[in-house]
């Protein structure tokens, strides 16, 4: 299965190329601009989102037989963002990791991860169907497709953070549509529908940290 036949992989590759193109147009001053994420500069945002090719090598080595425990991106996000979940407990470590990468990786290196290294590495997994099960250190096992869905969501949400900091055109319509639908699936369906239609009092948003 090629990435061209997997909409999520195709959209993710497109999003990464957009990050690279936007990064190539940034000035030295732009890279050090603060973002709306407290304490994060544009450079640290790039460091956080940039794909790491070694991650893809590890993914192939983690392939398992049998049915995975988590089958979609919404399932991953529910676990990560529940009270006491990793989105809360590891937030400081994630921020520190981004700062450390940003300190040693020049902007050109970060741009290359998006535009030169990331898409070919993603395409190198084209023979793994989205329902392929892989081991996961926190979730037991997940599908390749679920990981791709979360990666696309992250690339899209953080691209909006980048745009808020330095301007530029919006993300691709396909990425926005997918991310909106994925985030809606994270919430309890009844609570979400009733909140969206003004019928319920349950606090639904935000669904991710």
Exercise for the section: Sort out which residues of region 64-92 are loosely packed, with under 13 Cβ neighbours inside 10 Å and in contact with a strand residue (DSSP E or B) (Cβ under 8 Å, 6 or more places away or on another chain), and write them in order of number. Expected result: 65, 66, 67
Exercise for the section: Considering only region 162-173, state which residues are closer than 18 Å to residue 14 by Cβ and surrounded by fewer than 20 Cβ atoms within 10 Å (Cβ to Cβ). Expected result: 163, 168, 169, 170, 172, 173
Handout entry: Number of positions in region 58-77 that are in a helix (DSSP H, G or I), farther than 27 Å from residue 43 by Cα and at pLDDT 95 or above
Key = 2
Practice task
Inspect all residues belonging to region 118-136 and state whether any of them is in a helix (DSSP H, G or I), in contact (Cβ under 8 Å) with a residue 40 or more places away in the chain and out of contact with any helix residue (DSSP H, G or I) (no Cβ under 7 Å at 6 or more places or on another chain).
Solution key: no
Practice task
Would you check if there is a residue in region 98-109 being assigned to a loop (DSSP other than H, G, I, E, B), out of contact with any helix residue (DSSP H, G or I) (no Cβ under 8 Å at 6 or more places or on another chain) and within 21 Å of residue 34 (Cβ to Cβ)?
Solution key: yes
Exercise for the section: Report whether or not residue 147 is more than 12 Å from residue 69 (Cα to Cα), touching a strand residue (DSSP E or B) at 6+ places or on another chain (Cβ under 9 Å) and not in a helix (DSSP H, G or I). Expected result: no
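The values are calculated or read from the model by the stated rules, or taken from the named source; none is laboratory data. As the structure is a computational prediction, the values presented were derived from the model and not from experiment. Positions of Cβ are backbone-derived with ideal geometry, glycine not excepted, and every protein chain shown enters the neighbour counts.
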